[in-house]
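Novice: My questions will all concern the structure given below.
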Amino acid sequence: MKIGVLCIGDELLKGAVINTNLAYMGQKLLELGIIPELSLEVPDRPEDVVRGLDYVMSRADFIITSGGLGPTADDLTKPSIAEHLGYPLELCEEAAEAIKARWMNLKRGTLPFHFLNQAYVPKGCEVLMNGFGTAPGIYIATKEQDRFPGRKIVMLPGPPSELHPMFDNQVLPIIIRNMDVKIYSKLFHVSGVPESKVEEAMQPVIESTPELSVAYCAAPEFVKLFLSSHCEESVTSASAKVRGIFADSLLSDDSRTVAEEVVHLLGRAGHKLAMAESCTGGLISSLITDVPGASGVYLGSVISYANEVKAGTLGVKEETLRQYGAVSGQCAAEMLNGVCEKLGSDCGISVTGVAGPGGGTLEKPVGLVYIGVRYLERVQIIENHFRGSREQIRARTAAVALNTLRRFILGLR
């Protein structure tokens with residue numbers, strides 16, 4: 001199966017909106033061992049939509065479109081594609097009732113008549129009901145007499161809050177149903193190991209399993225390692241080897257982020273976490289509280305951006321700040337002790353550094369970050385020299401801090 005993606009919307013081409021939908025769908029497809037043949041972004045003009053559709057259909061047999069299904073005047077994807085393929089639009093009563101019900105549940109008053117335009121769908125299509133918005137998705141196949149016969153087309157609404165769950169719950173099953181052969185796959189999250197090292201360690205596995213496809217996706221907190229093959233035994237065998245190679249660095253199968261792993265581990269161990277953040281400004285706390293159930297293990301954080309807060313709230317000594325500075329191992333250690341004592345925690349994280357782009361010196365350059373981690377009686381202060389933008393430095397700081405705490409909880413060095 002060859003999959004093509006057609007993303008529709010002026011806002012994408014203007015740079016007003018980042019195309020997170022493409023990234024999301026690409027990652028989900030990769031978990032099935034599928035890499036799209038191409039992706040194309042086009043404006044909201046009917047002629048561009050159908051020209052883009054023809055281009056994608058010439059190179060793929062399963063096409064996914066995003067955007068242009070809403071109620072406004074520039075939402076022209078559905079009527080443009082339906083007319084181009086020769087499918088008249090007809091009212092879907094189920095979709096119409098769902099739109100009315102959602103409108104009433106939100107108590108918006110009288111339903112504008114044009115909102116029901118979303119309930120008109122190409123005749124003979126499969127309607128993909130939208131439980132997170134008003135515009136239903138559409139699944140349709142081209143006819144044998146068409147220019148591109150046998151193509152499968154899925155149209156999805158553009159808002160990520162609607163597209164993501166619809167893609168997971170409705171589109172992925174359709175894709176699996178239409179796959180030529182079954183693909184077996186396995187996803188691993190390798191934390192604390194650079195992508196180049198992961199790839200190097202995987203070479204013997206790849207060489208010994210020629211039927212295996214391996215893909216990597218690097219992020220600050222881990223490397224996603226995808227295994228896929230038409231042979232189930234190949235994936236099973238390679239998975240066992242991966243667990244042996246990266247044993248201490250693998251997240252558990254039920255964790256999708258390092259923060260989620262930390263929350264699960266702390267919950268099982270019965271310990272509480274506190275944080276003192278300076279250059280990350282609450283980023284690590286945000287990652288922890290993104291995890292459902294974090295309230296059971298997370299006490300809180302002190303965002304000690306200013307020296308006055310480091311000294312006044314966390315108890316960092318004025319002498320420490322004068323002699324060593326706020327960006328120092330000594331300050332990180334006192335921040336860690338202070339927040340654990342202040343909040344009554346038996347484990348904690350502290351962070352202080354220079355995230356840039358300004359503020360660096362020869363002695364303390366941009367990217368110098370001290371991270372303090374405590375788990376029960378075990379304490380470590382880590383000096384780091386990160387590269388990259390301000391955003392990258394902050395993300396890498398959070399990744400190292402959380403992964404270090406993860407390893408402490410597991411009793412790893």
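Values quoted throughout were computed directly from the atomic coordinates according to the rules given, and no laboratory measurement underlies them. None of these values were measured; they are calculated from a predicted model. In this analysis, Cβ positions are derived from the backbone assuming ideal geometry, glycine residues included, and neighbour counts consider all displayed protein chains.
Novice: Apply the Karplus parameterisation 6.51 cos²θ - 1.76 cosθ + 1.60, with θ equal to phi minus 60°, to every residue of the range 286-295 and state each ³J(HN,Hα) to the nearest whole Hz, in sequence, with x for glycine and proline.
Specialist: 4, 5, 5, 6, 5, 8, x, x, 4, 4
Novice: About its Cα centre, what dipole magnitude does the range 28-82 give when the only charges are +1 on Lys and Arg Cβ and -1 on Asp and Glu Cβ, stated in debye to the nearest 20?
Specialist: Taking the Cα centre of the range 28-82 as origin, the dipole is about 100 debye.
Novice: Under a no-solvent Debye model with one identical scatterer per Cα of the range 3-178, what's log10 I(q)/I(0) at q = 0.13 Å⁻¹?
Specialist: Per q value, in the given order, log10 I(q)/I(0) is -0.61.
Novice: Something else now. When the chain is fully extended, how far beyond the present Cα-Cα distance does SER295 get from ILE18, taking 0.36 nm per residue of separation?
Specialist: Answer, rounded to one decimal: 96.6 nm.
Novice: Additional query: Mind listing P(r) for the range 258-410? All alpha-carbon pairs, 5 Å bins, whole percents.
Specialist: Bin by bin from 0 Å, the calculated values are 2, 11, 21, 24, 20, 13, 6, 2, 0.
Novice: Once every DSSP H run of n ≥ 4 in the chain is given -39500 (n - 2.57) and the sum is divided by its residues, what mean residue ellipticity at 222 nm do you get, rounded to the nearest 500 deg cm²/dmol?
Specialist: Taking each H run of at least 4 residues, the total per residue is -11500 deg cm²/dmol.
Novice: Just the number: Rg to Rh for the range 113-266, Cα atoms, Kirkwood Rh, two decimals.
Specialist: 1.09
Novice: Along the range 181-193, what does the Karplus equation 6.51 cos²θ - 1.76 cosθ + 1.60 (θ = phi - 60°) give for ³J(HN,Hα), rounded to whole Hz, x for Gly and Pro?
Specialist: Values, residue by residue: 9, 6, 10, 9, 9, 8, 10, 10, 10, 9, 9, x, 10 Hz.
Novice: If R0 is 35 Å, what FRET efficiency do you get for GLU93 and ASN178 from their C-beta distance, rounded to 0.05?
Specialist: Step by step, r from the Cβ atoms, then E = 0.80.
Novice: Counting Lys and Arg as +1 and Asp and Glu as -1, each charge on the Cβ, what is the dipole of the chain about the Cα centre in debye, to the nearest 20?
Specialist: For the chain, the charge dipole is close to 740 debye.
Novice: Scan around LEU273 for amide H atoms under 5 Å from its own, H built in the peptide plane at 1.01 Å from N, and keep only partners 5 or more places away or cross-chain.
Specialist: Result for LEU273 returns TYR298, LEU299.
Novice: For the pair SER208/ASP54, report the inter-label distance in nm, with labels modelled 7 Å from Cα in the Cβ direction.
Specialist: The two pseudo-label positions are separated by 5.3 nm.
Novice: Starting from the Cα of ALA269, step 7 Å toward the Cβ, then list every residue of the range 393-413 with an amide N under 11 Å from that point.
Specialist: Under 11 Å, as judged by backbone N against the label point of ALA269, lie 404-412 of the range 393-413.
Novice: Tell me which label goes with the value of Cα Rg over 2.2 N^0.38 Å computed from the coordinates here: (1) 1.68; (2) 2.57; (3) 1.19.
Specialist: (3)
Novice: Hey, another quick one. I'd like to know which of PRO220, PHE132, GLY70 lies farthest towards the positive end of the charge dipole of the chain, counting +1 on Cβ of Lys and Arg and -1 on Cβ of Asp and Glu.
Specialist: PRO220
Novice: Between LEU376 and THR72, 0.36 nm times their residue separation minus their Cα-Cα distance comes to what?
Specialist: 103.7 nm
Novice: Amide H of THR65 versus every other amide H placed in the peptide plane: which residues, excluding those fewer than 5 positions away on the same chain, fall under 5 Å?
Specialist: For THR65, whose amide H was placed from the backbone, the distant partners under 5 Å are LEU6, VAL154, MET155, LEU156.
Novice: Hey, another quick one. Just grab the label-to-label distance for GLU319 and GLU144, each label 7 Å out from Cα along the Cβ direction, in nm (one decimal).
Specialist: Simple spin-label model gives 9.1 nm for this pair.
Novice: With a bin width of 5 angstrom, please list the P(r) values of the range 184-249 as percents of all Cα-Cα pairs, from the 0 bin to the one holding the largest distance.
Specialist: Spelled out bin by bin, the range 184-249 gives 3, 19, 33, 26, 13, 5, 0 percent.
Novice: Report, in listed order, any pair from LYS2/LYS182; LYS14/LYS152; LYS272/LYS342; LYS28/LYS123 with a Cα-Cα distance greater than 18 Å.
Specialist: The answer is LYS14/LYS152; LYS28/LYS123.
Novice: Might you report the magnitude of the Cβ-based charge dipole of the range 184-249 about its Cα centre, with Lys and Arg at +1 and Asp and Glu at -1, to the nearest 20 debye?
Specialist: 140
Novice: Measure nothing but the geometry: give the 0 to 90° angle between the long axis through the Cα atoms of 258-269 and the longest principal axis through the Cα atoms of the chain, rounded to 10°.
Specialist: 60
Novice: Divide the volume of the convex hull of the Cα atoms of the range 71-152 by its number of residues and quote the answer in cubic angstrom per residue.
Specialist: Spelled out: Cα convex hull of the range 71-152, divided by residues, is 92 Å³.
Novice: Looking at the range 343-413 from every direction and averaging, what is the projected area of its Cα convex hull in nm²?
Specialist: 5.3
Novice: Please list, in order along the range 219-230, the HN-Hα scalar couplings obtained from phi with the Karplus expression 6.51 cos²θ - 1.76 cosθ + 1.60 (θ = phi - 60°), rounded to whole Hz, x for Gly and Pro.
Specialist: 9, x, 8, 6, 10, 7, 10, 9, 10, 8, 6, 6
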